[in-house]
Amino acid sequence: MPVGVEGPTLTLLWIALVLLACSGGRESGRSDAGARRARDEFRQNPVVRPCLALPLAAVAPCLGRGARSLIVAMFAAALLCGCAPLPPKGATKASWQPSPNFDQRRPNLVIIHHTGDDTLEQALRTLSSPERKVSAHYLIGRDGRIVQLVDESDRAWHAGKSWWAGFTDINSVSLGIELDNNGREPFADAQIDSLLELLADIRQRHHVPPANFIGHADVAPARKDDPSRFFPWQRLAAQGFGLWCDTTPPPAPIGFDLAAALAALGYDPRTPEASLKAFRLHFVRADRPLSAEEENAVASCLLQKKLSPSQ
Ligand SMILES: [Zn+2]
């Protein structure tokens, strides 16, 4: 540290150093392996390490006239960047014995949406607005452009009040993907091509089972109807993203209970009519209404695929 550095200058320098050190652990929005590894390492270390590693020894000789302001600034900057030691989160009566054996929680569901907007810019404004309080991990434009808005390890606000297979906090276990589409138009080929590439990448990294690629309407059937009937679920299923059965599978077993089958697939049993509507939106694409027997057959086929060991 140069001799003669004044207290305020030293204070500003220290704050800059603290913020610089802490920024190493605050990378966001990047999905490459290097960034994730760096972030994991940062999170697995004691939270104060980057701050304590700063050259306190180097600045100590300079403590003098500006010492008081320096100390205040040290604590303020540490608090600002989140490097101050925090009490562990969890059960209030548990003792704390840190283990090195952990990593980040992984999403196990992928929820697909359409934005309902007419342009990508309009959707970006909505998904970034502090007032709207909605977001998604990814937004895909009609031209295939992919924009990431939330880190995959963070909880985006895309599903809202929801249910799937008994889970009620879908945002905590899922990735949300919004498609720029107003709900009254077919999805662009370039957009679906990009979606398939993104899904393959997500599946490879997070090992999401085929049955766990679903739509917003599936998890919130009483409130939502996206993605619309134009969404190509069959094309996705052909590549292992979601389930699919033709409209003429073998008949369901005698005594087949459609409502119970839908609940077993994951649909909310508390709203049976809405769940049936969502099931039809997703899985029935015939150009005529299906008979009860045909619907039972489709549901039975889907359930068998979901429970198949190969899925
Ligand atoms: Zn949605």
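Quick note: the coordinates plus some simple rules give every number you see, no bench work behind them. Since the structure is predicted, the reported quantities are computational estimates derived from the model, not experimental observations. Cβ atoms come from the backbone with ideal geometry, glycine included; neighbour counts cover every protein chain shown.
Here are the numbers:
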quantity	calculated
Difference of contour (0.36 nm per residue) and Cα-Cα distance, Arg223 to Thr271	16.2 nm
Low-density loop cleavage sites - chymotrypsin sites (Phe, Trp or Tyr not before Pro) in the stretch 156-237, where at most 15 other Cβ are within 10 Å (DSSP)	Trp157, Phe230
Nonlocal amide H pairs with Ala159, under 5 Å, H built at 1.01 Å	Asn171
For the stretch 109-307, size of Cβ-based charge dipole, Lys and Arg +1, Asp and Glu -1, in debye	340 debye
Formal net charge of residues neighbouring Ala252 (Cβ-Cβ distance under 15 Å; K, R +1; D, E -1)	-3
Cα-Cα separations in the stretch 94-181 greater than 22 Å, expressed as whole percent	35 percent
Nonlocal amide H pairs with Tyr267, under 5 Å, H built at 1.01 Å	Ala165
Label-point gap, in nm, between Asp169 and Thr92 - each point 7 angstrom along Cα→Cβ	1.8 nm
Per residue, the convex hull volume that the Cα atoms of the stretch 141-253 enclose (Å³)	136 Å³
Theoretical FRET efficiency, 1/(1+(r/R0)^6), r = Cβ-Cβ of Val284 and Ile254, R0 25 Å, to 0.05	0.70
